[in-house]
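Take a look at the structure below.
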Amino acid sequence: MSDDSGFHMPLAEFRRHGHDLVDWIADYLETVEQRPILATTGPGDVRAGLPAHPNEEPESFDAVLADLDRVILPGITHWQHPGWFAYFPANTSPPSILGELVSAGLGVQGMLWSTSPAATEVESLMLDWLVELLGLPGSWRVDTGPGGGVIQMSASDSTHTALVVARERARRNGAAPQDLVVYASSQAHSSIEKGARVAGLEHLRLLPVDDELALDVGALRDAVARDVAAGRTPCAVVSAVGTTGTTAVDPVRAIGQVARASGMWHHVDAAYAGTAMVCPELRHLQDGLETADSYTVNPHKWMFTSFDCSAFWVADRQELVQTLSVLPAYLRDAASETGEVVDYRDWHVPLGRRFRALKLMFVLRSYGAVGLRHHVREHLRLARELADRLAADPRFALVAPVPFALVCFRLVAGDDATTALARQVNESGRYAVTASELPDRTAFIRVSVGQTSTEQRHVDGLWSLLDALA
Ligand code: PLP
């Protein structure tokens, strides 16, 4: 180091690298389509490409950056590639990236309102905005309602948190922890099972589904009755608006009625499909949300906001805060004691928290409701068009309805042919899809349309490839 900044990077150098790196990211996004979509490295290659031991003397930052292209990029699976149809999207977008940059630059910890009031207030406001944008119950707003929203790291954290609050409510009502039961459909995301385990809830009933793979409410009623008769206590039920496998939609209102009748917590998992509710014409699919005690949607999937950003609401924030609040002397705070501010440390497991709401604000303000609706509707249209093509071709069969932008289909030639087709598509280097199985083990392919920069030509290209390979 030649100046008096010790070993710190001088700000002039930071400025230069920062500008270069923004250019690097823009170049990456501009050219990602030309890269092989899946990582080209084998196990251990990336590690082997980097020094085996930490350097004793400082390295030039130029040398560090050179490894981005040389070592890191070959080991990247390109989720931002417009041919990304695998899993669900994990989108980013230029406004989101800039929001991340500012958040990193400010480096604040928003655990208490007073440790950075802007971090808390922007987050509360953004979650209130999402209530409006997604047609969620107005009582979930932080500013006016008994409820409120918070950004969690992931939908898994949101669900885990919901189940912990549900457990505490049941315990306050006199139930024994070992008797508590959680219900969801057999198609519920694995995070429900993990969340129940983490919350110490031993009994999980993964219930049968109907022909459209949505939870069978009759089966829920029967299971609850059986558990009550056996002396157990129904604790929580999870509805999915858009299951991971096929985006099936559970009957939220009917499930909510069972929950109310039996005193259960009702959590709604709309991790992927919740974003579609920017389009009012789809909101009938979430009818009954006012029966929910908690709800989660991931802007980090389809809402152009980089991971991590999972939005989580509770209908009554007091129950959440009561469950998670622990107050050591070093966290006592005058503003908190007024009761007039939100301290988000009490709304989830971690204490420290990043200023994640900035990237969400940058995205929401920069796209506007019109922009979000435009892109989501375009993805929905492209998915339906692909579904129509598949349905009209006797070589293919759709295996599930297409309520959102996920198309699930198989080759009528059978499971082996279907699995081989998914593999060949992925080997093309231009598109990524996911091979999966229905509950009866029938193989199918998931095509999730929704990457930030996916356009008509990408879905057309995928269709041409499927057509050629089938
Ligand atoms: N719930 C559903 C319906 C999902 O599809 C997913 C992930 O795809 C999750 C939960 C888990 O999301 P996260 O990775 O944010 O925990």
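Please state which one of T115, T144, T161 is within 14 Å of the ligand (Cβ to nearest atom) and either farther than 22 Å from D250 by Cβ or polar (S, T, N, Q) (or both).
T161
Just wondering, is there one or more residues in the range 105-115 that are open to solvent by less than 10 Å² (accessible area, probe 1.4 Å) and not in a loop (DSSP other than H, G, I, E, B)?
no
Working only within the range 435-470, note down all residues that are closer than 20 Å to V376 by Cβ, touching a residue at least 40 places away in the same chain (Cβ under 8 Å) and not in a loop (DSSP other than H, G, I, E, B).
R446, V447, S448, Q456, H458, V459, L462 - these are the residues of the range 435-470 that are closer than 20 Å to V376 by Cβ, touching a residue at least 40 places away in the same chain (Cβ under 8 Å) and not in a loop (DSSP other than H, G, I, E, B).
Restricting attention to the range 271-307, and to residues there that are open to solvent by 10 Å² or more (accessible area, probe 1.4 Å) and of a type in the set (S, T, Y), which single residue is farthest from the ligand (Cβ to nearest atom)?
Of everything passing the filter in the range 271-307, T291 is farthest from the ligand (Cβ to nearest atom).
So if I check each of A311, A335, which one is hydrophobic (A, V, I, L, M, F, W, C), outside any helix (DSSP H, G or I) and on the phi < 0 side of the Ramachandran plot?
A311
In this structure, is G429 open to solvent by 30 Å² or more (accessible area, probe 1.4 Å) and either part of a loop (DSSP other than H, G, I, E, B) or touching an Asp or Glu at 6+ places or on another chain (Cβ under 8 Å) (or both)?
Working: open to solvent by 30 Å² or more (accessible area, probe 1.4 Å): no; either part of a loop (DSSP other than H, G, I, E, B) or touching an Asp or Glu at 6+ places or on another chain (Cβ under 8 Å) (or both): yes.
Criteria not met by G429.
Taking the range 136-162, which residues are in contact (Cβ under 8 Å) with a residue 60 or more places away in the chain and surrounded by fewer than 17 Cβ atoms within 10 Å (Cβ to Cβ)?
The answer is P137, S139, P146.
Looking at A357 and the list (1) within 20 Å of the chain's Cα centre (by Cα); (2) more than 25 Å from L134 (Cα to Cα); (3) open to solvent by less than 60 Å² (accessible area, probe 1.4 Å), which single condition is not satisfied?
Just one mismatch for A357, condition (2).
Search the range 56-71 for residues being among the hydrophobic types (A, V, I, L, M, F, W, C) and surrounded by fewer than 14 Cβ atoms within 10 Å (Cβ to Cβ), and hand back the single one that is nearest to L380 (Cα to Cα).
Per the stated criteria, the residue is L68.
Restricting the range 229-259 to residues that are hydrophobic (A, V, I, L, M, F, W, C) and over 23 Å from the mean Cα position of the chain (by Cα), which is surrounded by the most Cβ atoms within 10 Å (Cβ to Cβ)?
That would be C235.
Just a yes or no: is a residue in the range 76-87 open to solvent by 70 Å² or more (accessible area, probe 1.4 Å), part of a loop (DSSP other than H, G, I, E, B) and touching a Lys or Arg at 6+ places or on another chain (Cβ under 9 Å)?
The answer is yes, given that some residue of the range 76-87 is open to solvent by 70 Å² or more (accessible area, probe 1.4 Å), part of a loop (DSSP other than H, G, I, E, B) and touching a Lys or Arg at 6+ places or on another chain (Cβ under 9 Å).
Between S336, S310, which is in contact with an Asp or Glu (Cβ under 8 Å, 6 or more places away or on another chain) and within 16 Å of the ligand (Cβ to nearest atom)?
On inspection, the qualifying residue turns out to be S310.
Tell me which residues, restricted to the range 314-332, are open to solvent by 40 Å² or more (accessible area, probe 1.4 Å), in a loop (DSSP other than H, G, I, E, B) and either in contact with a strand residue (DSSP E or B) (Cβ under 6 Å, 6 or more places away or on another chain) or aliphatic (A, V, I, L, M) (or both).
Within the range 314-332, V326, L327 meet the criteria.
Quick check on my filter: what residues within the range 116-138 are part of a loop (DSSP other than H, G, I, E, B) and polar (S, T, N, Q)?
S116
Exactly one condition in (1) outside any loop (DSSP other than H, G, I, E, B); (2) out of contact with any Leu (no Cβ under 7 Å at 6 or more places or on another chain) is false for V71; which is it?
All conditions pass for V71, except number (2).
State the number of residues belonging to the range 4-32 that are open to solvent by less than 70 Å² (accessible area, probe 1.4 Å) and of a type in the set (D, E, K, R).
1
The values are calculated or read from the model by the stated rules, or taken from the named source; none is laboratory data. What you see is a predicted model, and the numbers here were worked out from it, not measured in a lab. In this analysis, Cβ positions are derived from the backbone assuming ideal geometry, glycine residues included, and neighbour counts consider all displayed protein chains. The area values use the complete protein model at the heavy-atom level, side chains included, leaving out ligands, DNA and RNA. Shrake-Rupley method; radii C 1.70, N 1.55, O 1.52, S 1.80 Å.
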